[in-house]
Amino acid sequence: QVEFDLPKGSIFSAVWTLRQAEDPVIQGQPRQKRAVEAAAPPHRYVLISSAKRSMLLETTEEIEEISQSRGLEMAMSTVGAGSICDGKVLVQLTPKSAFFMRATPEAGAAPPSVPYPSKSSASGGSVADPFVLLRLEDKTIKLLTMTSATNTGQVVVRDLTTQLPEEIRGEVLWASLWKDLLVVLLPTQRGTVSVLQLHGGLGKPLTLREVFRSPHLGDVPPVLRSIVQTEEEDEDAKFNASLDYLRPITDVCATLPRSSVEVHLARQGDEKGAANVLSAELVDVDPDDEGPTLVLLVKGRPILFYRAMVARGPQGEKSSGAFPYSFSLVEHDFLGLVMDFDGAPYRPVSPLQDAVGRPSGAVCCAPHSGLPALWIGAKRNRFFIHPFPGKTYRGVAPLSAACVASGGFFSLLESDSGGTVAQVSSPATVEGLGSAGSFDLRQSIPCARLSIKKKPSWMATQGSEGLLGVAVSDMVVELNDVPAGPGMEEDPLSEDWSIIREAPVKVDAPPAMPRVHPRYELWIETSKELSKLGRYHFSFDNEEAVLSMSWVNLPGFPLSLAVGTGVNTGEDLTCRGRLMLFTIKDKEPGILPPVYQRSLRSPVTVVGQSGSNFIHAEGFKLYVEKWENSSFNKLALFDGSLCMTSMSNIKNFMLFGDLRKGVDFCQWKEEQSTGTRTIRRLSRSPPSMNMTVLACEFVIHQKSLGLVALDHKGNVHLYQYTPHSDGREGDQILRSCATFAMGAPCRSALRLQTEPGVQSLLMASGTGEVFCCRPIDDQAYRTITTLLGMLFTRLPFRCGLNPRAYRSDAQIHLLTPRKNIEDAVLLKSFAFLSQPLQNSIAEKMRLPLPALMRATVPYGSNVLG
């Protein structure tokens, strides 16, 4: 919504949004409970910080910088901020002192600032009223309480650090507060997370009880189980939990080899090596979750998320206690590698709340630019992760204020000039859907939904003009007195004797039950009026089915939707078809008549455009036509094999898919000197291999062209054209490169440029998934193939399945494909594999692990991110 430049000379990297005060509460008395329907107070202030200075902004109808002093210090950096004293006072934590401001300006003068005890210098902080935690530059922490004095209104600070356990008073990598819990990251045992419950502190002695401890966070275990021994647990359970970092994420229940256990026992004295663990934070993602989500940053890894689950006993019973959780690592698709802190103020996690103050997700940022900020959320214990657009985010915080109608975000982004840009954004909506246009982020892919109450069968979009065509169907009861297709009176081909209109054998007896069949209808709408989809409509004849659809821009016609249909009423009758063009330009809403139509003796299975020529297929015959003198004149003809099902073209090359005989790769030639036009078949898939092609497309990598065919069994076949034959393939037979079993058939494919010189293929499956076929260079391919071969042979997989064998096409080929289409899902698994297993694979490949991660992880990341 709004974007503005921040003062030059400083890179702002951390942001906090602070709410205005709720109804006054007397200090020390219990807070009055709000009604569930009551709205949470809006954010009144935005505090941003760089390494040298801070800025305070006020959010009302507009966002303005506060120039006059209100108690906070803008000449120093801010390492933490939050609300204390039951929300009446806002606290700013700077490296040397704590500064305070009233949550509402009308509440009076701000309390005076308070220096930290022992002249400590803070590098970070966390606030959970009434506790305040300081992370100091010497890698120790201080735990304080901040309350307001009843008489003077000043903030009273008490130092509780001496009451902490001796281990926590030493070196600490990271510490934060979550509700009444203190989360501490210790350097022992390659990074140990300890969770302590806080009791007292307000006029009472502080007591702490460790409720969770798990070592080896630097090794990225797939599960985290507490080794704090309770009365119900024994030493064996504690020992098994300490082995979790040796378990493979591909099957965490697999039995550990004896050699792995011996390695663990030999390394028990290794207490160091945790410098790669940067931070650990707990956050509530959804009110219905079993427990919090642990966000872990490890250098050289993606941002890691551990989901909580209630620990269970030997008989499956749920554990009880203050923190009865275990954690499971969640794999995700956004695999950028985290680097070390750059010394600027940093806030890794910003929790989100809905309109009534309940948890509704969180935003996670890396301590540097180059990685997208990640939104996390959950629904019914399903975890969802989506990236923010771009990779220049330094800080993100939620913003609920009058300047953002539906609640949004305040973000800090690095600009190309080296400065910082502040951005106020709100959730995107689909303009044409009105109130139903909000995107649902709690889906695998964010989506907005429109209920049309009919079954969509075909869809065609025209992006530049924002046009959408949808063929929908509804099941209706067959009427015997209604003819299939056009009647004899209105049939343009009524005198064609070759069309069989009546079956040679008639059955006079009516069927025992009336047959139901789909009745098709065409809807066309603009993207700005999607909520009115169905205003422009056309009903097809009885038994007439839509078989193909595409937007075309032909000379002599406005931008039009080409539709091919077929009428099949039995094997004894001729299967008819129609070719139609529709446009909504200068049309009124209502029944939309075609601007052109032609009745044919065959079904129209393919429609499309190449240059200024119109292409359509009638069964196995393909025609190239041009609009001249108020009619389509045929320019060229191509005979396919059985029945064409799909088509794709790039420049003057065409790829046709067949119902049974694979694909044909052809070239369109037009000789200007002689005026001849031809479609010449250059090559085809092996004719001995029967393959039903549902869709076909091209993939491009620099100057290499790949031909992709998607069959009805859910396999993707990759071919390459080579003009010279090796005696078996090449020349007139396409060279078989690879096959890959996706597990679900795909009927549509979209070629999309994902990086300079590379065009990948997005494929939509019948099971609701979106696949991507991405070409890569030879060096990366060899490294990835070797790595995945190591994973297949060295790791256990669920149900004992070999992933490469499972992804192989089961059909018998005359020639074995020369290469493999590698599974990026397994690359993702390698990015989240525990450190000992990663090291063993890297040693076998004779590559340093950081170099191996940098070479392979980018190809496992989601191209849509």
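Tabulated data
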item	result
Signed unit charges on C-beta, dipole axis of the chain, positive-most listed residue Gly361, Leu433, Cys773	Cys773
Centroid-to-centroid separation of the stretch 624-685 and the stretch 695-752 [C-alpha atoms, Å]	19
Exposure of Met309 as accessible area (Å², to 10), given a probe of 1.4 Å and all protein chains	80
Convex hull (Cα only) mean projected area of the stretch 418-470, reported in nm² to one decimal	6.7
Shape call, the stretch 58-104: gyration tensor on alpha carbons, a/c limit 1.5	oblate
Cα gyration tensor, the stretch 685-733 - rounded (a/c under 1.5), prolate or oblate	oblate
Counting DSSP beta bridges with both ends in the stretch 627-720, the antiparallel % (nearest 5)	95
Residues whose placed amide H lies under 5 Å from that of Thr94, excluding near-sequence neighbours	Val79, Phe99
Dipole-positive endmost among Cys696, Ser760, Phe656 within the stretch 643-790 (Cβ charges, Cα centre)	Phe656
Charge dipole magnitude, Cβ of K and R +1, D and E -1 - the chain, Cα centre, debye nearest 20	1500
The stretch 288-321 and the stretch 428-476: distance between their alpha carbon centers, rounded to Å	36
Charge dipole magnitude, Cβ of K and R +1, D and E -1 - the stretch 719-794, Cα centre, debye nearest 20	200
Eligible aspartates and glutamates near Lys528 by straight Cα distance, threshold 17 Å, same-chain separation 8 or greater	Glu431, Glu465, Asp586, Glu588
Where N is the number of residues in the stretch 161-220, Cα Rg divided by 2.2 N^0.38 Å	1.14
Computed accessible area, Ser415, all protein chains, 1.4 angstrom probe, square angstrom	30
Farthest positive-ward along the chain dipole, Cα basis, beta-carbon charges - from Leu750, Val223, Phe557	Val223
The stretch 527-535 - phi-based ³J(HN,Hα) in whole Hz, Karplus 6.51/-1.76/1.60, Gly and Pro as x	5, 7, 10, 5, 5, 9, 4, x, 4
The chain, relative contact order [Cα under 8 Å, separation at least 6], %	7
Placed amide H near Arg301: partners under 5 Å, 5+ positions off or other chain	Val338
Residue-level accessible surface for Trp627, protein heavy atoms, 1.4 Å, Å²	70
Order of exposure, largest accessible area first, which applies to Glu625, Glu137 with probe 1.4 Å	Glu137, Glu625
Rounded to the nearest 20 debye, dipole of the stretch 58-111 from Cβ charges on Lys, Arg, Asp, Glu	400
Accessible solvent surface per residue of the chain, calculated while the other protein chains remain in place, 1.4 angstrom probe, Å²	48
Within-9-Å neighbourhood charge of Val310 [Cβ basis; K, R +1; D, E -1]	+1
Rg/Rh (Cα only; Kirkwood hydrodynamic radius) as it applies to the stretch 679-782	0.97
From phi via Karplus (6.51, -1.76, 1.60), per-residue ³J(HN,Hα) for the stretch 354-363 in Hz, x at Gly/Pro	7, 5, 10, x, 8, x, 9, x, 7, 10
List Leu849, Leu217, ordered by accessible area with a 1.4 Å probe, largest first	Leu849, Leu217
Per-selection Kirkwood Rh - the stretch 301-351 (Cα, Å, 1 d.p.)	14.2
Largest-first ordering by accessible area, 1.4 Å probe, given options Lys119, Lys52	Lys119, Lys52
In Hz, Karplus ³J(HN,Hα) per residue of the stretch 330-345 (6.51, -1.76, 1.60; θ = phi - 60°; x = Gly, Pro)	9, 7, 9, 9, 10, 9, x, 8, 6, 10, 6, 4, 9, x, 7, x
Taking the stretch 114-180 and dividing mean pair separation by its residue count, relative contact order in percent (alpha carbons under 8 Å, at least six apart)	29
Cα gyration tensor shape for the chain, rounded if a/c is under 1.5, else prolate or oblate	prolate
Residues with amide H under 5 Å from that of Ala128, placed H, sequence gap 5 or more	Leu133
Accessible-area composition of the chain, carbon plus sulfur, in percent [1.4 Å probe]	51
Cα coordinate range in the stretch 256-387, projected on the principal axes (Å, largest first)	52, 44, 26
Estimated 222 nm signal from helices in the chain, with DSSP H stretches of n ≥ 4 weighted -39500 (n - 2.57), rounded to 500	-2000 deg cm²/dmol
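The values are calculated or read from the model by the stated rules, or taken from the named source; none is laboratory data. Note that this is a predicted model, so its numbers are computed, not measured. Backbone-built Cβ (ideal geometry, glycine too); neighbour counts: all protein chains shown. The accessibility values were calculated without ligands, DNA or RNA, using every heavy atom of the protein model including side chains. Shrake-Rupley method; radii C 1.70, N 1.55, O 1.52, S 1.80 Å.
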